[in-house]
Each structure stands twice: as structure tokens, then as C-alpha cells.
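Okay, structure first, notes after.
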Amino acid sequence: MNNLVIGQFVPGSGILYRMDPRTKILMTIVYVFLLVFANSWVTYLWSAIFLVAALLLTKQGLGLYWRGIKPILWLILFTVVLQLLFSGGTPVLFQWGAIKVTEPGLINAIYVIVRFVLIVLMSTILTITTPPTAIASAIESLLKPLKAIKVPVAELALMLSIALRFVPLLMGETDKIMKAQKSRGMSLSTGSLMKRAKAVIPLLVPLFVGALQRALDLANAMEVRGFESAEGRTRYRELSYGRDDTLAFVAIAVFAIGFLALSFIK
Amino acid sequence: MVINIEGLDFAYGAGKQTVPVLKNINLTFPEGQITAIIGQTGSGKSTLVQQLNALLKPTAGEVHIGDHTVTNKTKEKALTPIRAEVGMVFQFPESQLFAPTVIEDVMYGPKNFGATDEEAKQAAEKALAKVGFDTSLYDQSPFNLSGGQMRRVALAGVLAMNPQTMVFDEPAAGLDPQGQAELLDLLRTLRDEGKTIVLISHQMEQVLALANQVVVMKDGQVAAHEPVEELFARPQSWFADQHLDLPETIAFQKEMEKQGFVFDHLAKTVDDLAKQLAGQLDSAKLTGQRSDQAGSQAQTGGPHHE
Ligand SMILES: Nc1ncnc2c1ncn2[C@@H]1O[C@H](COP(=O)(O)OP(=O)(O)OP(=O)(O)O)[C@@H](O)[C@H]1O
Ligand SMILES: [Mg+2]
């Protein structure tokens, strides 16, 4: 339960914690966007350097990030194998029957791994340093222009922040029900796939019933306290732009300019 | 079956972010007795009892559960049989109900431990009868029941596995007085059947009425482990230090002792307390010393009412 790092806030200190969440979201978007256009080892190297700098600034142990990568390792491996086997070109490095590994295939595979890992790590940095509620209000703030075309931004943001608030609750609940059913002999790790799928029913049903109950309770609680519209809610923590954010924009601008320059070197 | 904890440490989490909770625990839970665990909130009671059926494995030290030994290295597969021997009832156990009908839900445990449908059904019916659940509701959905009825079904779900040891983590929370009294009766019945019982409770009256021995937890350590009579004989100041209440009868008794009254044993019930007090007053009237020589009378003591 506790080994899912993506989407999990870890308290800490430093510039990345002080920054406005909007800045962090924008930076992450710019970074990921640029990474899609990375085309040479220098551009990847440049991106990796930027990432390592950000990693160090979070002042969190590297073990935390390793745990973030671990659950998606198989996904990375799968993509790599596909890349290796199905990209053509010459020279052929290795051939075994119909299986052929070419040099461009190998290079592509390496690029895919690096890109994948960089993107995952950058988003992990965002969620590790930003509480879910801050992410929700940042998204609301960033989406504000869409109000002009009648998108219910405030409602969407409220939904998002409620959903995020429920995550730790649901995790606690899952742990509790899991323990209760284990005490009644539930075992998820043995038997055929079909059997295992059936074995989660005693876990899922109570979880779903409990979540539904909680949702109804929350709706009632909001209604009796006079909730009418998500528009114009006051917040516990107001977003504010500061010196750290200026610094961050300078950093991402330097990164982007460097990246573009490097991508012309062939 | 005896459960024995030796040199146990426990921390939640892994790697750098561990939260140490239990420190150097050594405890024995004797067979056929009721052991109560008390302590202020967050002192590690729930964490401790989850070691008893291996829902949590010790970070260091060993837990001996009958013939099984659980350490940090014990494989997950080896833990399942332990759960057939130690049943666990969590706080608000009704949140574990899942099956389409009451009877199927109660049959879930026995079936997981290898009972046939027929055996499981018999065990379930027996367990439901024991908790006083209405026969006509066996084929109802558990989600249509009242809170109290759901609690009974959940309890039956653990009883049906017929474990030798049963652990209850605040089982009376949220029950009305009637429901609480019935629960206490059930615990007594189970003890009289020879089961070993571990009970976490915040209600000192319950502890006094039921427990043979008491474990007091404080900041993840055992602050006291002794027979219930010894525990409640401790001074009031000790309970204040542990942020624990005394049962009303005993608090009253201790106040009276300050006034010079002497009791020959701890009053477990209001009735018992009244009798002891009446004896004191009788003897005071007879000797005429009560008002001015309370201290000297404290030495001689009152007449004994057993
Ligand atoms: N799953 C968990 N992960 C991390 N820490 C936990 C977890 N469960 C409990 N803790 C922590 O362990 C400590 C002991 O908790 P525990 O639930 O055992 O206390 P308790 O004595 O049962 O309290 P209560 O009387 O409130 O039920 C607390 O500080 C709690 O925050
Ligand atoms: Mg508890």
C-alpha cells in the first residue's frame, strides 16, 4: 500500500516546497513537452542534468525515487523489448531466427527508457513537493481562462480536490478491510488467475459500499452547511507568486534555450 | 494455546521513512484467560494485537503463537494458518461485510480454511445463534440490517471459524448499553468455553468486570502487566500519569479510603461496594469512633463481607 510514490506528498523544506504550485505545474508541463522533442544524446544529457538538480533540491533520499520507478519497471521493460524487436534499419547487431536487433533499434530503446524515467521522475518531484489540495487549487487557477467559454472550472476543481482528499482515506480503509478479510483467511497470492480475481470481491465490495456511504455523508454535510456553488470559495491557503517562482522561471527558460540550442547540434 | 511475545520491536513503513511504534515488548497471554489491553489513544494497542495473528510481522524479536513462530523473515504463506487459530474482531467490524446474504458472509471464513459447504453452513448457523441473530434474517442482504445486527453478523463471521484465541479491538464502540451488556456476556461465554481472549477497551468498567490480567500500554511500551486486582490497587496518581480513568466504583472507594475508610477488597460492582460500605458504617456506629478517629479505625479495618 505504501510503496506507491507517484501522487504521494512527502513533507519537506526548500525552494521546491516554497514555490507556487502553479509554477511547478507549468515547469513540469514545459519540461515534459520539450522532452518529447529530444533527439540526441546531448539533449537527453541536458535534460537529465536539469532533473538531477531538481531532485537534489527536494532534499529527499534517492530511495524514495527508486521506489517511485520500481512499480513501473515492467512497463518500461515491455516498451524497450518492443523497440528492440520492431525497429528496422542497419547495421544489424544481433540476429536469431526472425528476431533481429539493429543499432538504431538499440539506440531508440535506450532513448525510450531515458525519456520514460525522466518524465516519471519529474512528475514525482511535483507530487512529492506539493500537497494534493495545492495541486487542485493551482489547476483551478490555471484553468480560469476557460471560464470564458462556460467550462465550470470551480466545480471541476472542487471535484478534484475532494477526490484527492479521499485518496488517503481510501488507502486507510483498504488497509483495514484487507486486514479484516485476511483474518478470515483471505489469500490473494495463491491460486489461478480466475481464483485470485474472485478473491478480491470481499475487499472491493466493502470498499465500494464504504466510499459510497462517505460520499453521501459528505454531500449531506455540505448541504446542511449551506453549500450552493463552488464559485468564489475562500481558501485556507492562498496562492502567491514570489521570488522563488521568478527564479524557477529563469531556470526553466535557461533549460529550454539550452535544450533548443543543443537539439540543432547534430 | 499460549501466545508469547519475546523482545518485540515494531515500526511501520520501510526504508528511511520508518515510524517506530512498539519497543521491547515481552508478554505472555495465558490460555483460557481474558487479558485486557488499555492505554491512551496512539499508545500502540491496535498495533500490538495485530502481531497476535500475524497481520503485522515484528521488525525485531519473535512472536510464538501455539506451534508457530513469527519473525521478520516468516513467509506470507506460512501466516494464513495462524489466522485460523487466532480470530480478530476489529473496531466497527461491520465494515467487512460483503456477501449477498448474511449466511454466506458468515460462511466465508470457515470455507477459506477448508470447510465444505455443509460444514461451513453448520458453523455459521451455530455462530449466528451464539450472537443471538434472528434465524429469519439469514437470507437477507447484510446491507439492509441495522447497525447492531450488522455488528452481530460480523462477530459471527469470526466466531464461525472457531478460533482457539479471539482478539477484540474495542468491540463495544458505538453499541447501546443493552448491546454492550450482551457483548460482555458473549465474552464470558467464550471464556467459559476455554477460549483465550484479548480485549482492547477504553471502558474501565468493562476491564474490571471481565479481565483476569491487564496490560497497560504507554508510548509503545508495556507500562504494567499484572492481575486486574493488583492494577486497580495502584494509587490514583499513577492512573493520572497514564492518562487513564479509574472505574467509578474504584474511584469512589479510593476517595472513601482518603476519608479513613478501609476496604478489604476492591469493589468490582456497585452492589459489592455498597455492601462493604454498609459494613463499615455498621461497625462505626457500634464503636462510635467513626467521626473523630478515622485514622485509628483504618488500622483495625471493618468487618469482612465476601
Ligand atoms: N498504518 C500505519 N502506518 C503508520 N503509522 C501508523 C499506522 N497505524 C498506526 N500508526 C501509528 O502508530 C501509533 C500507534 O497506533 P495504534 O493504532 O496502535 O494506537 P492505539 O493504541 O490502538 O490507539 P487508539 O486507542 O486510538 O485505537 C500511532 O502513533 C499511529 O499514528
Ligand atoms: Mg486502536
(message) Taking the conditions exactly as written (touching a Ser or Thr at 6+ places or on another chain (Cβ under 8 Å), at pLDDT 95 or above and within 11 Å of chain A (Cβ to nearest Cβ)), does residue B:22 satisfy them or not?
(response) no
(request) Mind counting the residues in the stretch B:149-179 that are within 23 Å of residue B:113 (Cβ to Cβ), within 16 Å of ligand 2 (Cβ to nearest atom) and of a type outside the set (Asp, Glu)? (result) 3
(request) Identify all residues within the stretch A:49-65 that are within 14 Å of chain B (Cβ to nearest Cβ) and either among the aliphatic types (A, V, I, L, M) or exposed (fewer than 12 other Cβ atoms within 10 Å of the Cβ) (or both); write none if there are none. (result) A:62, A:64
(request) Working only within the stretch B:156-173, note down all residues that are surrounded by fewer than 24 Cβ atoms within 10 Å (Cβ to Cβ) and within 16 Å of ligand 1 (Cβ to nearest atom). (result) B:169, B:170, B:172, B:173
(request) Being of a type outside the set (A, V, I, L, M, F, W, C), within 16 Å of ligand 2 (Cβ to nearest atom) and touching a strand residue (DSSP E or B) at 6+ places or on another chain (Cβ under 6 Å) is the filter; apply it to the stretch B:46-63 and report the residue that is nearest to the other protein chains (Cβ to nearest Cβ). (result) B:53
(request) Check the stretch A:241-258 and report whether any residue there is touching a residue at least 24 places away in the same chain (Cβ under 8 Å), within 24 Å of residue A:27 (Cα to Cα) and not in a helix (DSSP H, G or I). (result) yes
(message) Among the numbered criteria (1) away from ligand 2 (no atom under 16 Å from the Cβ); (2) within 11 Å of chain B (Cβ to nearest Cβ); (3) under 26 Å from the mean Cα position of the chain (by Cα), which one does residue A:257 miss?
(response) (2)
(message) Could you list, ordered by first residue, the pairs with Cβ atoms under 7 Å in which the first is in the stretch A:183-204 and more than 12 Å from every other protein chain (Cβ to nearest Cβ) and the second is of a type in the set (A, V, I, L, M, F, W, C) and not in a helix (DSSP H, G or I), at least 6 apart or interchain?
(response) A:196/A:188
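Condition check: touching a residue at least 12 places away in the same chain (Cβ under 8 Å), within 30 Å of residue A:169 (Cα to Cα), crowded, with 17+ Cβ neighbours inside 10 Å and more than 14 Å from chain B (Cβ to nearest Cβ). Does residue A:23 satisfy that?
yes
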(message) All but one of (1) surrounded by 12 or more Cβ atoms within 10 Å (Cβ to Cβ); (2) free of Cβ contacts under 8 Å to residues at least 60 places away in the same chain; (3) within 14 Å of another protein chain (Cβ to nearest Cβ) hold for residue A:174; state the number of the condition that does not hold.
(response) (2)
(message) Regarding the stretch B:139-155, can at least one residue be identified that is closer than 22 Å to residue B:194 by Cβ and either touching a residue at least 24 places away in the same chain (Cβ under 8 Å) or surrounded by fewer than 23 Cβ atoms within 10 Å (Cβ to Cβ) (or both)?
(response) yes
(request) Check residue A:179 against each of (1) farther than 30 Å from residue B:157 by Cβ; (2) within 16 Å of ligand 2 (Cβ to nearest atom) and name the one condition it does not meet. (result) (1)
(message) Taking the criterion of being in contact with a Pro (Cβ under 8 Å, 6 or more places away or on another chain) and among the aromatic types (Phe, Trp, Tyr), would at least one residue in the stretch B:168-175 satisfy it?
(response) no
(request) For the stretch B:83-95, state whether one or more residues are within 16 Å of ligand 2 (Cβ to nearest atom), surrounded by fewer than 22 Cβ atoms within 10 Å (Cβ to Cβ) and of a type in the set (Phe, Trp, Tyr). (result) yes
(request) Within the stretch B:64-89, track down each residue that is among the small types (Gly, Ala, Ser) and facing chain A (nearest Cβ under 9 Å). (result) B:84, B:87
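The values are calculated or read from the model by the stated rules, or taken from the named source; none is laboratory data. Note that this is a predicted model, so its numbers are computed, not measured. Note: ideal-geometry Cβ built from the backbone for every residue, glycine included; neighbour counts use all protein chains shown.
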